[in-house]
Each structure stands twice: as C-alpha cells, then as structure tokens.
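The values are calculated or read from the model by the stated rules, or taken from the named source; none is laboratory data. Computed from a prediction, not measured in an experiment: that's the story for all the values here. As a convention, Cβ positions derive from the backbone with ideal geometry for all residues, glycine included, and neighbour counts pool all protein chains shown.
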Amino acid sequence: MAKLAHAQWSSRMGFVLAAAGSAVGLGNIWRFSYMVGDSGGAAFVLVYLACVALVGLPILVAEWMIGRRGQKNPINTMSDLAASHGKTRAWAAIGVSGVLAAFLILSFYSVIGGWSLNYTLGSVIGTFNGQDADSISALFGGMLGSPMTLLLWHTAFMVLVIGIVARGVTKGLESAARTMMPALVVLMLILVGYGMTSGHFGEALSFMFSPDWAALDGGVVLAAMGQAFFTLSLGMGIMMAYGSYLGEDVNLISTARTVIILDTAIALLAGLAIFPIVFANGLSAGEGPGLIFVTLPLAFGNMTGGTILGLMFFLLLTFAALTSAISLLEPVVETLEERTSMSRLVATFASGIAVWALGVAALLSFNVWSEVLFFGLNIFDLLDTFTSKILLPLTGLGAIVFFAFCLDKEESRKELNMDIYDYTLWNLLAKYVAPIGVIVVFVAGLF
Ligand code: PHE
Ligand code: NA
C-alpha cells in the first residue's frame, strides 16, 4: 500500500510540474507587468484575479477532465467524446482552434524569448552595469530597431525549442524545472525586497491594488480575461493534452488550485518588483512590451551583486519561456504527426520553421514594418490581440460548455470527488458564471 501511495504522489507531482512549467512563463513576468501598466493598474489587476478564480479555474478543470476522458490529442479527443455522448463531431473545431492559437502564440512568444536570451548575454558581459534609465532605454530601443539583432535571437530561441521538442528531452527539462521554479521565486522576492528600499514601494502597491474604477471599460476587462487565459495556458488544448496523461486518482480541483496559486503569485511578485523601479526612475508604466527589459536591467545594474543576480534572472526567465514554448509547439507537432504521414522529426521541423517564419514577420513590426497595420495594429500586436482576446476565450468557452452541458453530471460529480452541495456550487460556476462571464466580456470588449 505504501508503495502505491508513493507512486500516486509522485505522478501528481510530475503532473503539477508539467502543468506549472507550461503556465509559468513570459506571461507572468513580461506580459502581466506590461498589461497592468498599459491598462492603468489596480482595476485591471482585480478583474484579472476575478477572471482567474471564476473563469480560469473551471475551464482549467474542464480541459483536464475532457483530456483525461479522451486520452488523445485535442482534436480527436473532442471529436470522439462528442460522438460518444451523442453530439456532433463538429466539436472537434475546439481542438482545431486551440492548435491554431498555439501556433500563432509561439511565433511572437519566441521573439520575446529571444529578447530574454539577448539580455542573459548582456548580463554576462556587464552591458547594464552602472547605466541610467535613459541609456538602458536606448539599449532596448536599439535592439528593437535592429532587425538583424531580433532575427538572430528569435532564431536562437526557436532552434532551442525545435531541438528540445525533436529530441523529446522534456523529461530532463521537467526535472530541471523542479529546482528552477523555486529559484525564480527566490529571485523575484529579492527584487521585491530591492523595490521596498527604492522609496516608491507604497506607490507601486497602490498602483497595483487600489483601483480607480473610472479607468475600467470593456477593453480593460477583455484584456484582463485574455491575460487570464494566456497565463494559465488555457484555450489551446495544451491543458487538455496534459490531462490525457493524468491518473484517475488525481484530484483535479485541488491540483488546479495549486497551479493557479503558483502562477498568480509569480505574476503579482513580478508586478511588485517592477513598478517600484518604474516609479523610482520616473519611467512610464505604460511603456508597453519593453517594460521589464527597461526596468529590471536598471535595478540589476545598480544593486550590489546585480551582475550575478541579473544573469540568474534572465537565465531563469529564458528557461521558464522555454518550458512554455515547448508546450506550445507540442500540440502542433502532435497534430501533424497523428493526422498526416509526417514523422515526429519532420513534423517538428516543419511546424518549427513555419512558426519561425511568422515570428520574423512579428519582429519586423518593431522596425521596418512598423507602419504595416491591420485593424490599426502591427503584426506583433495583431497576433497577440487576436489570440488572447478572440481565439483563447472562444476555445475555452467551447471547452467549458462541452464539459457543463454534454458530459454526464453524476459521473463528473464522482470524478471531482464532490458531495451534492459542493457540486451544486461547482455546477453554478461551470454552467453559468464562467460561460456567461466569457460571453459578456467578449461581446463588451468588441465595442
Ligand atoms: N502560460 C504561458 C505564460 O504565461 C504562455 C503559454 C500560453 C504557454 C499558452 C503555453 C500555452 O507564459
Ligand atoms: Na503564466
């Protein structure tokens, strides 16, 4: 018995690591902080927290449970589960849009992963030592203005991703994640500590947590929900695929809670590390995607031991980005592999190269193609906006609706280990709060 219990624990642990490895990434540090800055602070943060708890949690559990039932890639899982519940196989569309979203997201994710690689090297050679806000901003601007620099680092990042996925060394990466994740948390805490000494910590606190509700509109709410989907890797079939490797004994609700708390804690810590530096140096919180690349080098360049801490930080950020990027390429590769005659190796290279090419278009939008606009957005912003505000919510909505209305209630209740009362509450969340929330926010955001 003892042996069995241990095996169960270690498989749950492995699963939590894999899910957290996908969830914790650039979204928590790079994207969260700049979205908060762009969207005016606390109102965004609070709506984001509500979205994570009321919409993110049920959808995460729904994706895992569907995956565990289906035991296949997202497209076939949805198609087969729908058929076996007397529904149309058109539900497979949810799997298709998920795979498409993963493909599109990885293209711009890799560009930012490249920035992180570049800044890792910059920390090694001491580029940021003793620089002031202006010169650090100028360095960042110089990188954006140079297509060759961006291309080099984006390519390097994609080579790493393709190499890892092709060789299937996910195992090794996952065990590395075991030590890297706590290290990342410790470094974030050190940065928050540094922020506390900056004299602007209170300002950062109120920026993040004391809302000006007047700043709230449909756009902010949609952005907050988009961030919730992005950060939890929802609406892409990734969590569905991960659920298919899941043992029957794992409690989905408590596992989801663990992953969500970890992911949210890292995002909030990132904000508490970054905004004191922003305010102390008179930088703008609405800096955009460059926010962490301007603020953090400034902190590292001016603190004792900053060179080594900065190096560690960008290394860990790159690593977190890699584990997420792998989880983004995997569904594309898996789909090609299972639905065409391609081998895994060919599928990995084909999809990797296609992602890379789209990423090149994304990186050119920071310089030579900055005037190429669609719906008023450059290619980078278009990819980010279209996926986070449209594809992910719609795919996630499909998953939760399928879960709540097509699967057998009594079976779900047993699988979730709930008594009738808890299940009534859960059902309310899964059937009404989450789907209606997504629909309302989605529609309001379009206007
Ligand atoms: N959740 C990851 C992050 O926050 C990004 C990601 C999105 C990874 C979707 C996989 C799928 O960085
Ligand atoms: Na995340």
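Within the set of pairs 6+ apart or on separate chains, which have a first residue in region 313-334 that is among the hydroxyl-bearing types (S, T, Y) and in a helix (DSSP H, G or I), a second that is modelled with pLDDT of 95 or more and buried (at least 24 other Cβ atoms within 10 Å of the Cβ), and C-beta atoms under 6 Å apart?
Within 6 Å, the pairs are T318/S116; S324/G25.
Restricting the first residue to region 268-296 and requiring it to be surrounded by 20 or more Cβ atoms within 10 Å (Cβ to Cβ), which pairs with a second residue that is among the basic types (K, R) meet a Cβ separation below 7 Å and a spacing of at least six or different chains?
Between residues of region 268-296 that are surrounded by 20 or more Cβ atoms within 10 Å (Cβ to Cβ) and residues that are among the basic types (K, R), there is no close pair.
Based on this model, can you work out whether F279 counts as among the aromatic types (F, W, Y), assigned to a helix (DSSP H, G or I), touching an Asp or Glu at 6+ places or on another chain (Cβ under 6 Å) and more than 12 Å from ligand 1 (Cβ to nearest atom)? Steps first, please.
Numbers: among the aromatic types (F, W, Y): yes; assigned to a helix (DSSP H, G or I): yes; touching an Asp or Glu at 6+ places or on another chain (Cβ under 6 Å): yes; more than 12 Å from ligand 1 (Cβ to nearest atom): yes.
So F279 passes the test.
List the pairs whose first member sits in region 94-108 and is within 17 Å of M78 (Cα to Cα) and more than 12 Å from ligand 1 (Cβ to nearest atom), whose second member is at pLDDT below 95 and not in a helix (DSSP H, G or I), and whose Cβ atoms are under 7 Å apart, counting only residues at least 6 apart or on separate chains?
These pairs meet every condition: G95/G237.
Determine whether T155 is crowded, with 19+ Cβ neighbours inside 10 Å, assigned to a helix (DSSP H, G or I), modelled with pLDDT of 90 or more and under 23 Å from the mean Cα position of the chain (by Cα). Please lay out each step first, then the result.
Numbers: crowded, with 19+ Cβ neighbours inside 10 Å: no; assigned to a helix (DSSP H, G or I): yes; modelled with pLDDT of 90 or more: yes; under 23 Å from the mean Cα position of the chain (by Cα): yes.
Taking the combined requirement at face value, the residue does not satisfy it.
What residue, of G37, G70, is touching a residue at least 24 places away in the same chain (Cβ under 8 Å), more than 16 Å from ligand 2 (Cβ to nearest atom), touching a Ser or Thr at 6+ places or on another chain (Cβ under 8 Å) and within 26 Å of S254 (Cα to Cα)?
Details: G37 fails: within 26 Å of S254 (Cα to Cα).
The match here is G70.
Exactly one condition in (1) under 21 Å from the mean Cα position of the chain (by Cα); (2) at pLDDT below 90 is not met by Y48; state its number.
The failed condition is (2).
For region 363-374, does any single residue satisfy the condition of being aliphatic (A, V, I, L, M) and surrounded by 14 or more Cβ atoms within 10 Å (Cβ to Cβ)?
Taking region 363-374 first, the residues aliphatic (A, V, I, L, M) are 363-364, 368, 372-373.
From the residues that got through so far, the ones that are surrounded by 14 or more Cβ atoms within 10 Å (Cβ to Cβ) too are 363-364.
Yes, some residue in region 363-374 is aliphatic (A, V, I, L, M) and surrounded by 14 or more Cβ atoms within 10 Å (Cβ to Cβ).
Any residue at all in region 120-131 that is under 21 Å from the mean Cα position of the chain (by Cα), away from ligand 1 (no atom under 16 Å from the Cβ) and not hydrophobic (A, V, I, L, M, F, W, C)?
Yes - at least one qualifying residue is present in region 120-131.
Right, L397: surrounded by fewer than 20 Cβ atoms within 10 Å (Cβ to Cβ), modelled with pLDDT of 95 or more and not basic (K, R) or not?
Details: surrounded by fewer than 20 Cβ atoms within 10 Å (Cβ to Cβ): no; modelled with pLDDT of 95 or more: yes; not basic (K, R): yes.
It is false that L397 is surrounded by fewer than 20 Cβ atoms within 10 Å (Cβ to Cβ), modelled with pLDDT of 95 or more and not basic (K, R).
Picking from G235, G271, which residue would you name as being over 24 Å from Y194 (Cβ atoms), within 16 Å of ligand 2 (Cβ to nearest atom) and not acidic (D, E)? Working first, answer last.
Details: G271 fails: over 24 Å from Y194 (Cβ atoms).
The match here is G235.
Quick one: which residue in T127, T77, T149 is at pLDDT below 95 and outside any loop (DSSP other than H, G, I, E, B)? Write out each step before concluding.
On the way: T127 fails: outside any loop (DSSP other than H, G, I, E, B); T149 fails: at pLDDT below 95.
On inspection, the qualifying residue turns out to be T77.
Return the residues of region 15-30 that are closer than 15 Å to L315 by Cα, near ligand 1 (Cβ under 6 Å from one of its atoms) and assigned to a helix (DSSP H, G or I); say none if nothing qualifies.
L26
Looking only at region 293-313, decide whether some residue is farther than 19 Å from M180 by Cα and within 16 Å of ligand 2 (Cβ to nearest atom).
no
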